[in-house]
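Asks: I have a structure here, written as structure tokens, and I will follow up with some questions on it.
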Amino acid sequence: MKADFDNSFARLPSGMFSALGPTPVKEPALITTNAALAADIGVTFTEDDLAHFAGNAVPEGAAPLAQLYAGHQFGQWNPQLGDGRAILLGEVVNGGNRHDIQLKGSGLTPYSRGGDGRAWLGPVLREYVVSEAMHALGVPTTRALAAVTTGEDVYRETVLPGAILTRVASSHIRVGTFQIYAARGQIDHLQALYDYTVARHYPDVTNPGALLDAVIARQAKLIAEWMGLGFIHGVMNTDNASIAGETIDYGPCAFMDSYHPARVFSAIDQFGRYAYQNQPQIGAWNMAQFATALIPLMPDRDQAIEDFTKAVNAMIPQYEAAWRDVFGRKLGISNPTEDDVPLIADLLTLMAEDQTDFTAVFADIEAARDQFLNRDGFDDWQARWALRRNAEPVNPQIIPRNHQVEAMITAAAAGDFAPFHALLAAVTDPYAPLTDAARELAKPPTEEELVTRTFCGT
Ligand code: AMP
Ligand code: MG
């Protein structure tokens, strides 16, 4: 890959990262590259791509490093995390736009803790497909530039094929990146990170309170978009909360099939902390942790606590307004207000009662009657809806369903990448009428196909 690298993060104080490169792998092979994304971010493919995407060579101008951060994981404070299996190659600049290029699964770093620094094929392909689908669905997200197999074994519960994802992000600055310096009392680092973040993402911001407001606004919108897709992130830890407001870290995430507000997929989320319906509250909780991390930058601590509490409390109303906009779009209501909430909520209640398929109901909302057991209930709802709707409903015809993601991974692990390419093609064109191939992939799972648990698979 060739690009105009400008590695601003590498110019931050040295205690904020470890400069090191990826660890070479034995026998890399290319799975795919993303030409459209490359063009967008100003990356040109070259004959060295395989070596670059495998971490066997570093592109000219890159200054690779592993970032330090901390975070609350399932509400528990972890004082030190960091890129344990990822290397930031550097930032590429195209016009006014700057993007991180990161290898994920690229070997040990000082932050690997007990891990091996590697990834296996399953989570790499899952993140590739789901993040690219998310982008096509119009939701802010990290992207996938390339995927390679390493020719090396990765040991989890079984022996699995190793792989590396090349991830592109507006940045990899997380709530946890701020938290670590606040917790350590390293105010100079915290100030440097604040200045850096404002310059990079929020140039209009003039003080930490304004940064908090700006990040809250983006997170509120982001989570509303997830809710509109039936998307469950699964690991909304503060180290997975992007300051730029992008969806980041696709682990045990899932688009739910049949709708229930309490749905949880992640096998490690025993208490349902990150259930579908909890996501807005967790988002606000994460913003409270961000606010706490910004307080040391404020001259008057008590005043800051008061102001920041107000800012965090304002997130849920912002989220609710964004949620109305999202579901208004889905139902063809161009100017949704508070008065439309019962109409939206009543449909969701009918869906939850019958556990109808979330995507399929909205994909053909005019003709969704047969998907309900309570058809009278749906008829009544539809009559109310007809009186209110004033625009075309906009809904995806396809999302990456769990059972198709699993099937694609199983095939790829056995050497057949055709299902990966087919699923990727289908889910990256979600608003178009379905092709015959896509129609199969869009179908809700049968009882035998249903996937109810997802795994981090790290
Ligand atoms: P995640 O839950 O994927 O956001 O990861 C949480 C933390 O665990 C991050 O600091 C990761 O870098 C680290 N981690 C996850 N998997 C591995 C691995 N295989 N080797 C080293 N570190 C890992
Ligand atoms: Mg993470």
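Asks: Being touching a Lys or Arg at 6+ places or on another chain (Cβ under 9 Å), more than 12 Å from ligand 1 (Cβ to nearest atom), more than 18 Å from I31 (Cβ to Cβ) and charged (D, E, K, R) is the requirement here; does E132 meet it?
Replies: Answer is no for this residue.
Condition check ((1) buried (at least 22 other Cβ atoms within 10 Å of the Cβ); (2) over 20 Å from H233 (Cα atoms); (3) touching a residue at least 60 places away in the same chain (Cβ under 8 Å); (4) within 14 Å of ligand 1 (Cβ to nearest atom)) across all residues:
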site	(1), (2), (3), (4)
H72	no, no, yes, yes
L81	yes, no, yes, yes
Q102	yes, yes, yes, yes
V139	no, no, yes, no
T149	yes, yes, yes, no
D153	no, yes, no, yes
R156	no, yes, yes, yes
L160	no, yes, yes, yes
R167	yes, no, yes, yes
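Asks: Sticking with this one: So is T177 part of a helix (DSSP H, G or I) and crowded, with 24+ Cβ neighbours inside 10 Å or not?
Replies: Spelling it out, T177 is indeed part of a helix (DSSP H, G or I) and crowded, with 24+ Cβ neighbours inside 10 Å.
Asks: Same structure again: In segment 90-100, which residues are modelled with pLDDT of 95 or more and more than 16 Å from ligand 1 (Cβ to nearest atom)?
Replies: Matches in segment 90-100: G90, E91, V92, V93, N94, N97, R98, H99.
Asks: Consider only pairs whose beta carbons are under 9 Å apart and that are at least six residues apart or on different chains; among these, list those whose first residue lies in segment 10-31 and is part of a helix (DSSP H, G or I) and whose second residue is small (G, A, S).
Replies: A10/A19; A10/A63; A10/G90; R11/A63; M16/A192
Asks: Is one or more of the residues making up segment 396-403 within 24 Å of V139 (Cβ to Cβ), in contact with an Asp or Glu (Cβ under 6 Å, 6 or more places away or on another chain) and in a helix (DSSP H, G or I)?
Replies: yes
Asks: Still on this structure, I have one more. Given the structure, is E127 of a type in the set (D, E), in contact (Cβ under 8 Å) with a residue 60 or more places away in the chain and away from ligand 1 (no atom under 15 Å from the Cβ)?
Replies: no
Asks: Could you tell me which residue of segment 192-248 is nearest to ligand 2 (Cβ to nearest atom), considering only residues that are under 17 Å from W323 (Cα atoms) and in a strand (DSSP E or B)?
Replies: My answer is T247.
Asks: If I go through segment 39-71 residue by residue, how many of them are in contact with a Leu (Cβ under 6 Å, 6 or more places away or on another chain) and more than 30 Å from A293 (Cβ to Cβ)?
Replies: Within segment 39-71, residues that are in contact with a Leu (Cβ under 6 Å, 6 or more places away or on another chain) and more than 30 Å from A293 (Cβ to Cβ) number 2.
Asks: I need the full set of residues from segment 270-290 which are surrounded by 21 or more Cβ atoms within 10 Å (Cβ to Cβ) and part of a loop (DSSP other than H, G, I, E, B), in order please.
Replies: The answer is Y274, and nothing else.
Asks: Would you call Q382 within 30 Å of V175 (Cα to Cα) and either touching a Lys or Arg at 6+ places or on another chain (Cβ under 8 Å) or in a helix (DSSP H, G or I) (or both)?
Replies: It is false that Q382 is within 30 Å of V175 (Cα to Cα) and either touching a Lys or Arg at 6+ places or on another chain (Cβ under 8 Å) or in a helix (DSSP H, G or I) (or both).
Asks: Report yes if A267 is more than 16 Å from ligand 1 (Cβ to nearest atom) and either under 17 Å from the mean Cα position of the chain (by Cα) or not assigned by TED's automatic domain parsing to the domain that holds V139 (or both), otherwise no. So that I can check it myself, show each step before the final result.
Replies: On the way: more than 16 Å from ligand 1 (Cβ to nearest atom): no; either under 17 Å from the mean Cα position of the chain (by Cα) or not assigned by TED's automatic domain parsing to the domain that holds V139 (or both): yes.
No; evaluated as a whole, the condition is false for this residue.
Asks: When you scan segment 334-371, how many residues do you find that are in contact (Cβ under 8 Å) with a residue 24 or more places away in the chain and farther than 27 Å from R439 by Cα?
Replies: 5
Asks: Can you list residue pairs whose Cβ atoms sit under 8 Å apart, with the first residue in segment 248-263 being farther than 12 Å from D354 by Cα and the second being more than 11 Å from ligand 1 (Cβ to nearest atom) and among the charged types (D, E, K, R)? Count only pairs 6 or more apart in sequence or on different chains.
Replies: Y250/R126; P252/D269; F255/R401; M256/R263; D257/D357; D257/R401
The values are calculated or read from the model by the stated rules, or taken from the named source; none is laboratory data. This is a predicted model, so every value here is computed, not measured. Note that we place each Cβ from the backbone using ideal geometry, even for glycine, and neighbour counts take in every protein chain shown.
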